[in-house]
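Shown next, in structure tokens, is the structure this report addresses.
Coordinate-derived values only; no laboratory data. All values reported here derive from a predicted model rather than from experimental measurement. With ideal geometry, Cβ positions are generated from the backbone for all residues, glycine too; neighbour counts draw on all protein chains shown.
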Amino acid sequence: MDRNDEIRQGLEDLFKAMKRLRELGVLNQNRDITSQVGEWLVEALFDGRRAENGINKDWDVQVGSRYVQVKTHAKAAKNTARWSSVTYGSDARIDELMICVFSSDYRLKEFYRVPWQECLPLIRMEKDGGKVYWNHISRFRIDIPSLPRPEIVNMFL
């Protein structure tokens, strides 16, 4: 099998996996896979409900009566950036910010759960937009083994 055949097979495997994950409800759109995996994870861990509209203005997952904005990252080992882009203000319909940080092969490395009102003063406006630096929210980091639903968490370990 030559390199192009291997690439073709890899792409076919990816497309088949994406189709299956859509059938299972993990992926619900044709946009960024990483963000959808993070939203599904939050939905599954906290018995939430994802927004039906993937371009919902503020929140991604509703957990009970709370609205959650989910930020998800799949970080390469050499990527040292430790922040999430946050473009929402105090008038946003958000109660919590949850940040899922995966390795490049989607192993869960870090998880943050930040009350929105405590997050707002930590948003740093920079020339390329608002950012929340993870070292500023370290007190909201949840140990991976402490997350609910270990049967779901174990899928990412």
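What share of Cα pairs, in percent, lie more than 20 angstrom apart in region 70-139? Don't jump to the answer; show the numbers that get you there.
Values: 662 of 2415 pairs.
Roughly 27 percent, rounded to a whole number.
To the nearest µm²/s, what D does Stokes-Einstein give for the chain at 25 °C and 0.890 mPa s, using the Kirkwood radius over alpha carbon pairs as Rh? Kindly include the intermediate steps, with their values, before the conclusion.
Details: Rh = 16.7 Å.
Answer from the Stokes-Einstein relation: 147 µm²/s.
Please give the net charge around N135, taking every other residue with its beta carbon less than 11 angstrom from that of N135, where Lys and Arg add +1 and Asp and Glu add -1. Kindly include the intermediate steps, with their values, before the conclusion.
Working: positive: R82, R139, R141; negative: none.
Combined, the nearby Lys, Arg, Asp and Glu give +3.
Which of C100, C119 comes first, and how do the rest follow, when ranked by fewest Cβ neighbours within 10 Å?
On the way: C100 26, C119 22.
The order, fewest Cβ neighbours first, is C119, C100.
Local charge sum around N56 (other residues, Cβ-Cβ under 10 Å, Lys/Arg +1, Asp/Glu -1)?
Numbers: positive: R50, K57, R93; negative: E52, D58, D60.
Within the 10 Å Cβ shell, the charges total 0.
Amide H neighbours of F102 under 5 Å, counting only residues 5+ apart in sequence or on other chains, H built in-plane at 1.01 Å?
Under 5 Å from the amide H of F102 lie the amide H atoms of H73, A74, K75, K109, each far enough along the sequence or on another chain.
Go through region 103-113 residue by residue and turn each phi into a ³J(HN,Hα) via Karplus (6.51, -1.76, 1.60, θ = phi - 60°); whole Hz please, and just put x for glycine and proline.
Result, ordered by residue: 6, 5, 9, 6, 9, 5, 9, 8, 9, 10, 9 Hz.
By counting other Cβ atoms within 10 Å of each Cβ, how are I7, I142, I33, I123 ranked from fewest to most? Please list the in-between numbers first.
Values: I7 10, I142 14, I33 18, I123 21.
Result, fewest neighbours first: I7, I142, I33, I123.
Calculated from DSSP H runs of 4 or more alone, at -39500 (n - 2.57) each and per residue, what is the 222 nm mean residue ellipticity of the chain, nearest 500?
On the way: 4 runs with 42 residues, N = 157.
Helix contribution divided over all residues of the chain: -8000 deg cm²/dmol.
Quick query: amide H of V61 versus all other amide H atoms, modeled in the peptide plane; which residues come in under 5 Å with a sequence gap of 5 or more or a different chain?
Answer set, sorted by chain and number: A51, V68, V70.
What is the angle, in °, between the Cα long axis of helix 3-23 and the longest principal axis of the Cα atoms in the chain? Nearest 10 is fine, range 0 to 90.
Orientation of helix 3-23: about 50 degrees from the principal axis.
With viscosity set to 1.306 mPa s and temperature to 10 °C, compute the Stokes-Einstein D of region 105-157, Rh being the Kirkwood radius across alpha carbon pairs; µm²/s, no decimals. The partial results should precede the final answer.
Numbers: Rh = 12.8 Å.
Answer from the Stokes-Einstein relation: 124 µm²/s.
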